[in-house]
Amino acid sequence: MSEKERAPDLIVVGGGVIGLAVAWRAREQGMSVTVLERGELGRGTSHVAAGMLAPVAEAEFGEAGRRVLALGLRSAEMWPEFAGQLTDLTGLEVGLRRTGTLLVARDDDEARELDRQIAFRESLGLRSERLRPSEARALEPAIAPTIRLALRAPDDHSVDPRAVLSALRRACELSGVELREHTPVAGVETDERGTRVTGVMLGGPDGSAGALRRAGAVLIAAGPWVQEIAGLPRHARVPVRPVKGQILRLRDPAGPGLLGGVVRFEGGYLVPRGDGRYVLGATVQERGFNLAPEVGGVYELLRDAHEVVPGVSELEIEELSVGLRPGTPDNAPAIGRGALDGLSWATGHHRNGILLAPVTAALAMATLAGEEQLTPGGEEGLLEACDPLRFAPAPVASGA
């Protein structure tokens, strides 16, 4: 069989939650799909994520924030069906918990800012509730009596990212996706004119280094490592930087019950898993590709969490993890068709990779099928909101 005949319809570069979700959906649509992952599938950014599905709690001011909110709200709507389909196919639960999110203010300054956040969400028509301290403590008795104010986002939920990754991997295997671990991509291959991507060049120390894998289309979902992929002209690249995050996984020896839902505070959050385990995160640091844990960041997380939920001090530390979020210049994702034919992007999700997995997969499929207007649920403008071409350099005026 010739290499051309072996070429898959789609190569997905990156095997995190985004890459696996796209690969699964593409295979469902009848495409032959190969996933190339530089390390182990699902062991990068997605592995250390907290798993909050919290578009309301995460809502931010500014144009980019509104674009991310629109994507997040749609994806949150898609998550129950997405989770159900994964479980039906694989038999694996993904830990979907519909418990809402509670944002708390610890002092008067934070209370004034939280009031501003409440007004902002009301102006957007988002469902949220302003709670007095007594009302917040009625919902979560473990919260410190010193808090000044709270906001409840009842429609924000959470999943267990590691369970999601296990289910997505199994779904890909059952569907016939070719999964290749420890297969870094060194660059993309283009045609003679340099206008169409025709495949990828493999890297790494093994015998596959330098080998060409051809494909009908290439989708890059390599998170912060996209900058390591060569072969793209400047106007066709998406600028993605690593944003370091440190996160702790805690366990209550007494079992579940300390918290029922997600609690967020200035500088961090606590996410209950439902089995007596909690995720405490996360720092946001511009440190390049530095994955070393730092005492200062961990200390601040534990100190701030103790001020909000004193019972945290009685929990055991199971794991300290460090991950690299993929951030774009405006911290909104890049999803859709690239500047070259045959090239698509699904990267730059920053803190929202788990939340945006379902909508990203759907938008990627619409792009690959050439049906940009057939976005999930019939909404128009979602692809425009995350257009990778927004980062292309402006053309130089003639005679300049």
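Quick check: is even one residue across region 149-170 in contact (Cβ under 8 Å) with a residue 24 or more places away in the chain, β-branched (Val, Ile, Thr), on the phi < 0 side of the Ramachandran plot and surrounded by fewer than 18 Cβ atoms within 10 Å (Cβ to Cβ)? No.
Looking at GLY30, GLY84, GLY62, GLY42, just one residue is touching a residue at least 60 places away in the same chain (Cβ under 8 Å), within 26 Å of THR347 (Cα to Cα) and not basic (Lys, Arg), and that residue is GLY42.
Here VAL263, VAL298 are screened, and the one residue that is part of a strand (DSSP E or B) and farther than 30 Å from GLY338 by Cα is VAL263. Taking the listed residues ARG127, ARG74, the one that is in a helix (DSSP H, G or I), in contact (Cβ under 8 Å) with a residue 60 or more places away in the chain and among the charged types (D, E, K, R) is ARG74, with no other qualifying.
All conditions but one from (1) outside the structural domain of ALA305 (by TED's automatic domain parsing); (2) out of contact with any Leu (no Cβ under 6 Å at 6 or more places or on another chain); (3) closer than 21 Å to PRO154 by Cα apply to TRP79; the one that does not is (2). Taken as a whole, the structure leaves ARG214 outside the set of residues that are surrounded by fewer than 21 Cβ atoms within 10 Å (Cβ to Cβ), under 23 Å from the mean Cα position of the chain (by Cα) and assigned by TED's automatic domain parsing to the domain that holds ALA23. Right, LEU102: in a helix (DSSP H, G or I) and either in the same structural domain as ARG277 (by TED's automatic domain parsing) or crowded, with 18+ Cβ neighbours inside 10 Å (or both) or not? Spelling it out, it is not the case that LEU102 is in a helix (DSSP H, G or I) and either in the same structural domain as ARG277 (by TED's automatic domain parsing) or crowded, with 18+ Cβ neighbours inside 10 Å (or both).
Tell me whether region 183-202 contains one or more residues that are assigned by TED's automatic domain parsing to the domain that holds GLY16, closer than 30 Å to GLN85 by Cβ and among the basic types (Lys, Arg). No: zero hits.
Being over 25 Å from SER166 (Cβ atoms), assigned by TED's automatic domain parsing to the domain that holds ALA217 and surrounded by fewer than 17 Cβ atoms within 10 Å (Cβ to Cβ) holds for only one residue in ASP9, ASP107, ASP115, and it is ASP9. Of everything listed in (1) within 15 Å of the chain's Cα centre (by Cα); (2) at pLDDT below 95, the single unmet condition for PRO333 is (2). For region 172-190, does any single residue satisfy the condition of being touching a residue at least 60 places away in the same chain (Cβ under 8 Å), surrounded by 18 or more Cβ atoms within 10 Å (Cβ to Cβ) and farther than 20 Å from ALA23 by Cβ? Yes: region 172-190 contains one or more residues that are touching a residue at least 60 places away in the same chain (Cβ under 8 Å), surrounded by 18 or more Cβ atoms within 10 Å (Cβ to Cβ) and farther than 20 Å from ALA23 by Cβ.
The values are calculated or read from the model by the stated rules, or taken from the named source; none is laboratory data. Fair warning: this is a prediction, and the values are worked out from it, not measured in the lab. Please note: Cβ atoms are built from the backbone with ideal geometry, for glycine as well, and neighbour counts cover all protein chains shown.
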